1. Check R292: other-chain or 5+ apart residues with amide H under 5 Å from its amide H, H built from backbone geometry?
2. Could you name the aspartates and glutamates whose alpha carbon sits less than 19 Å from that of K181, not counting residues in the same chain fewer than 8 places away?
3. Given the C-alpha centroids of region 144-160 and region 251-307, what is the distance between them in whole angstrom?
4. Could you name the lysines whose alpha carbon sits less than 23 Å from that of K146, not counting residues in the same chain fewer than 8 places away?
5. Rounded to a whole number, what is D in µm²/s for the chain from Stokes-Einstein with the Kirkwood radius over alpha-carbon pairs (37 °C, 0.692 mPa s)?
6. Taking θ as phi - 60°, what are the ³J(HN,Hα) couplings along region 200-212 by the Karplus curve (6.51, -1.76, 1.60), each to the nearest whole Hz, with x for Gly and Pro?
7. What's the whole-number percent of alpha carbon pairs in region 25-67 lying beyond 13 angstrom?
8. Once the principal axes of the Cα atoms of region 51-146 are found, what is the range along each, listed largest first in whole angstroms?
Amino acid sequence: MYKIPLLLILFCSSAAAATVVNVEFKFTPYIGDPAKSDQVETVPGMAKVFINNVLFAEKEVRKDNVPVLFDEREITPSLWVPANSLGAALRKGKNTIRIEFVPSDTKKPYNAQLRWLSVMDQSTEKSEGGRYEATNQSGEGHEDKKATGKVVVQREFVADFAVDIPWHHYPPVTSLSDEDKSSLALLVKKRAEAFKPGFADIYKLLAKDRSLDLNEMKKAKCLDQAYAAGIRVAAPPQNQLDFAITGNQEVVVTLKDGAALYPFDEKSFARIEDFDVKMCASIILPMAFPPRLVVVRSPSGAWEVAY
């Protein structure tokens with residue numbers, strides 16, 4: 001009878017039991033040859049991250065010399081997107097990430113690299129030729145594109161670790177009536193009106209983020225001091241709003257000119273004397289009043305803010 005080595009049995013059992021707990025994506029626009037050089041130069045420009053066709057984040061990429069690491073010749077990323085940080089935007093099951101990058105110089109050729117990997121809930125071990133390795137990563141891969149001007153990279157991935165949220169199962173929004181747009185403008189206005197002494201509605205909004213310590217924020221009175229410093233939140237009129245249908249449940253509400261939906265006067269922040277309070281306010285106000293609102297429509301027709 002053929003005997004399978006015990007070490008192989010243990011390795012296979014461990015690998016079979018491992019579960020994906022995160023998927024990570026790294027994006028870098030660059031000039032250089034990472035196969036031959038220990039450094040490449042990043043290309044300045046603006047990157048946009050879309051999750052399931054919904055704009056999730058924007059980031060400026062600056063020109064810099066960055067290291068090329070490890071035997072895999074991995075470029076230090078300009079943009080790092082761990083899926084477990086995507087919150088409600090992430091669906092349980094199949095998802096799509098799309099990154100659109102527009103360089104500052106649209107006529108200069110460059111390369112764009114997207115790397116991905118899965119993070120497991122346990123490590124796998126390997127010993128070969130006197131070398132021992134242990135890792136909790138799997139499914140690593142990358143794609144390189146030569147580009148001039150705008151480049152788009154996209155990849156599907158599965159996130160069974162995501163939280164299943166009721167509105168993920170609402171009917172997709174395929175059109176908006178004038179009544180819908182008026183309701184959404186009212187939703188934007190009510191969010192702005194929540195910034196008033198007492199801040200009960202703001203704390204209720206922030207309570208959804210478990211990373212925040214609301215008790216400490218209330219003790220610090222950073223919202224109170226921000227209000228006392230003259231910071232106010234105003235809602236733009238409906239004719240300045242843009243409503244983007246994504247083909248999914250989400251509709252993205254932004255300003256037509258691309259500015260932040262709820263702009264803040266930086267001079268007002270400067271009037272807050274306590275540094276810790278200033279930092280507190282500068283963190284939680286943009287969280288409560290983001291540059292865009294992602295909204296969904298329930299089967300009954302009521303609109304609600306998703307994130």
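1. Amide H neighbours of R292, under 5 Å, 5+ apart: L261.
2. Candidates past the 8-residue exclusion: E193, D242, E250, D257, E304.
3. Centre-to-centre distance over Cα atoms comes out at 28 Å.
4. Counting by Cα, and skipping residues close in sequence, K146 has these lysines nearby: K26, K36, K48, K59, K63, K107, K108.
5. So the translational diffusion coefficient is about 145 µm²/s.
6. For region 200-212, the Karplus-derived couplings read 4, 5, 5, 5, 5, 5, 6, 4, 6, 8, 6, 7, 9 Hz, x marking Gly and Pro.
7. Values: 533 of 903 pairs.
Result for the distance tail: 59 percent.
8. Projected onto the principal axes, the Cα atoms of region 51-146 cover 50, 35, 19 Å.
The values are calculated or read from the model by the stated rules, or taken from the named source; none is laboratory data. No experiment lies behind these values; they were computed from the predicted model shown. These accessible areas exclude ligands, DNA and RNA; they are computed on the full protein's heavy atoms, side chains included. Shrake-Rupley method; radii C 1.70, N 1.55, O 1.52, S 1.80 Å.
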